[in-house]
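Written out below as structure tokens is the structure these notes cover.
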Amino acid sequence: LAQLWANGLAVEVDDPVVGAMVQPGVLGELSATPGEVRPAEAAARPPSEAPTLLEEWRNQAPPAPATAPPHLPPNPRGPLDGVRVLDFTVFLSGPMCAHLLTDLGADVTKVEPHTGDDFRMSAPYVFRALHRNKRSVVLDLKKPGGDDMLERLVRETDVVVYNYRLGVEERLGLGYERLKAIN
């Protein structure tokens, strides 16, 4: 890890949304187009913006009707249009599951801890590929207030996806019986 910092492959930037964060540094040098490190363009929203996310969901205008060619299905947005998903997944298989839901038209929100998803730093291209077309929000389930916000989000959600080790979901308050009681 120290070698990453020494070689400039990990750098700290001041993101205007989430504050100080670690990002990958410039991985290669090109003479005509030198690289630069900028704050993430799609940084997760801070916890204080979760109510704004809920308001966006409620006020989201339906898409304008499109005239599809006759060989396409009648709903070009996909069969899961209008389905809201909270994505607590990590690594590859879970995010791929939630990504497939976005491809089918679901409105997916990636929920990250305040430290961010590990893949954001270690595999940024993979992270962006697996989380494109998703919203993102920071929610620390281990801190005061996180549980209240979780309940508010779950009330407005149709599907919750996670792929934690057995028992972790219960410790984080994401167990089936609890979420079923909320929604």
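The values are calculated or read from the model by the stated rules, or taken from the named source; none is laboratory data. Computed from a prediction, not measured in an experiment: that's the story for all the values here. Neighbour counts run over all protein chains shown; Cβ positions are idealised from the backbone, glycine included. What goes into the accessible areas is simple: the full protein's heavy atoms, side chains included, and nothing from ligands, DNA or RNA. Shrake-Rupley method; radii C 1.70, N 1.55, O 1.52, S 1.80 Å.
Take Thr89 and tell me if it is outside any helix (DSSP H, G or I), hydroxyl-bearing (Ser, Thr, Tyr) and open to solvent by 80 Å² or more (accessible area, probe 1.4 Å). Answer is no for this residue. In the set (1) without any contact (Cβ under 8 Å) to a residue 24 or more places away in the chain; (2) within 22 Å of His99 (Cα to Cα), the condition left unmet by Asp148 is number (2).
Just name the residue that is farthest from the chain's Cα centre (by Cα) out of those in segment 170-179 that are without any contact (Cβ under 8 Å) to a residue 12 or more places away in the chain and open to solvent by less than 100 Å² (accessible area, probe 1.4 Å).
To start, the set of residues in segment 170-179 that are without any contact (Cβ under 8 Å) to a residue 12 or more places away in the chain comprises 170-171, 175-178.
Next, only the ones that are open to solvent by less than 100 Å² (accessible area, probe 1.4 Å) stay: 175, 178.
Working: Gly175: 20, Arg178: 22 Å.
Per the criteria, the residue is Arg178.
Selection of segment 103-113 for residues being open to solvent by 20 Å² or more (accessible area, probe 1.4 Å) and under 12 Å from the mean Cα position of the chain (by Cα) yields Asp107, Pro113. Could you grab me the full set of residues in segment 86-108 that are of a type outside the set (Val, Ile, Thr) and in contact (Cβ under 8 Å) with a residue 60 or more places away in the chain? The answer is Leu86, Asp87, Phe88, Phe91, Ser93, Gly94, Cys97, Ala98, Leu101. Taking the condition within 18 Å of Tyr164 (Cβ to Cβ), in contact with a His (Cβ under 6 Å, 6 or more places away or on another chain), open to solvent by 20 Å² or more (accessible area, probe 1.4 Å) and in contact (Cβ under 8 Å) with a residue 12 or more places away in the chain, does Asp118 pass? No; evaluated as a whole, the condition is false for this residue. Within segment 148-168, not a single residue is small (Gly, Ala, Ser) and not in a loop (DSSP other than H, G, I, E, B). Being at pLDDT 80 or above and part of a loop (DSSP other than H, G, I, E, B) is a condition met by at least one residue of segment 66-79.
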